[in-house]
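Enquirer: Sharing a structure below in structure tokens format, with a few things to ask.
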Amino acid sequence: MEELDPRQTDRAEAFALWMKAPMPMVTLFKTLDVTHLVRLSRRRGLPFTMLLCWCAGRAASRVEAFYTLPVGDKLIRYGHLAVNTVVATGQGGIATCDIPFSGGLEDFRRNYQDLTARVRETGAPYDLNGDYMVLGTSALPQTELDGAVNIYAGFYNNPFLIWGKYRKKLCRAVLPVSFQFHHAQMDGGHAARFLENLQE
């Protein structure tokens, strides 16, 4: 983790414009074709949400803007990515869980299953501290969503991906997703590239 001088980066103008804005978050909506992911989930008995979280981490790892994040009034450069997911706990509540992203699906699956099981049992969140830029996710598979706009609290600037239940259309499965990001971290072009990577 390294503090950057925003004036010495390609985010200088965006940082100056958006850090003091009352609402610096931008939300994009896209409908993904998730047919192959649904089939893989069924064929290999892997949770769909886990697969989509891995795909999101993989897509983000290919966009350099994901490795920096405005934190407070600083611009921080991270060395690693993590994907955060919301876990239903055994006590009837929810807690969040950070899963370190690794390019290998098997490593990510093992971490996802072990860490979410720990959060489910303890009811306590699992946070990766240190050198991880965290991509937040929230899945609401009990209902179909057309889109969602997350809250802006001013202290959680991390990019965030939200989705609901996928929809079946003839022989295809589609999934509308909402992607929210801080404009000081990235521009619409970076976000669009992430969403194209995610579809890929």
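The values are calculated or read from the model by the stated rules, or taken from the named source; none is laboratory data. Quick caveat: nothing in here was measured; it's all calculated off a predicted structure. Methodologically, a virtual Cβ is constructed for each residue, glycine included, from the backbone with ideal geometry; neighbour enumeration extends over all protein chains shown. When the accessible area is computed, the model is the full protein with side chains, heavy atoms only, and any ligands, DNA or RNA have been set aside. Shrake-Rupley method; radii C 1.70, N 1.55, O 1.52, S 1.80 Å.
Enquirer: Take peptides 31-40, 139-148 and line them up by average Cβ neighbours within 10 Å, highest first, as a rough protection proxy.
Expert: By packing density, highest mean first, the sequence is 31-40, 139-148.
Enquirer: Of Gly104, Gly154, Gly164, which is the most mobile in a GNM of the chain whose springs link Cα atoms less than 10 angstrom apart?
Expert: Gly104
Enquirer: A further question follows. Tally up the carbon and sulfur contribution to the accessible surface of the chain as a whole percent, 1.4 Å probe, everything protein left in place.
Expert: Answer for the chain is 52 percent, counting heavy atoms of protein chains only.
Enquirer: While we're on this one: Quick check: the angle from helix 48-61's long axis to the longest principal axis of the chain, C-alpha only, nearest 10 degrees?
Expert: The helix 48-61 is inclined about 30 degrees to the chain.
Enquirer: What does the accessible area per residue of the chain come to in Å², with a 1.4 Å probe and no ligands, DNA or RNA counted?
Expert: Accessible surface, normalised per residue, equals 52 Å².
Enquirer: I've got another one for you. Can you give the relative contact order of region 70-169 as a percent, counting alpha carbon pairs under 8 Å and 6+ residues apart?
Expert: 29
Enquirer: Determine which aspartates and glutamates satisfy two conditions relative to Lys165: a Cα distance under 13 Å, and not lying fewer than 8 residues away in the same chain.
Expert: In chain and number order, the partners are Asp33, Glu144, Asp146.
Enquirer: Gain in length, Glu200 to Arg118, computed as 0.36 nm per residue apart minus the alpha-carbon separation, to one decimal in nm?
Expert: 26.4 nm
Enquirer: In straight Cα distance, which lysines are under 29 Å from Lys20, not counting same-chain residues fewer than 8 positions off?
Expert: Excluding near neighbours in sequence, the set is Lys30, Lys74.
Enquirer: Using only alpha carbon pairs under 8 Å that are at least six residues apart, calculate the relative contact order of the chain and give it in whole percent.
Expert: Reported relative contact order: 30 percent.
Enquirer: Here is a follow-up. Hey, what angle do you get for helix 35-44 against the long axis of the chain, alpha-carbon based, 0 to 90 degrees rounded to 10?
Expert: 60
Enquirer: Between helix 188-199 and the chain, what is the angle of the helix's C-alpha long axis to the longest principal axis, kept within 0 to 90° and rounded to the nearest 10?
Expert: 20
Enquirer: Here is a follow-up. Divide by every residue of the chain the summed helix terms, -39500 (n - 2.57) for each DSSP H run of at least 4, and state the resulting mean residue ellipticity at 222 nm, rounded to the nearest 500 deg cm²/dmol.
Expert: It comes out at -9500 deg cm²/dmol, rounded to the nearest 500.
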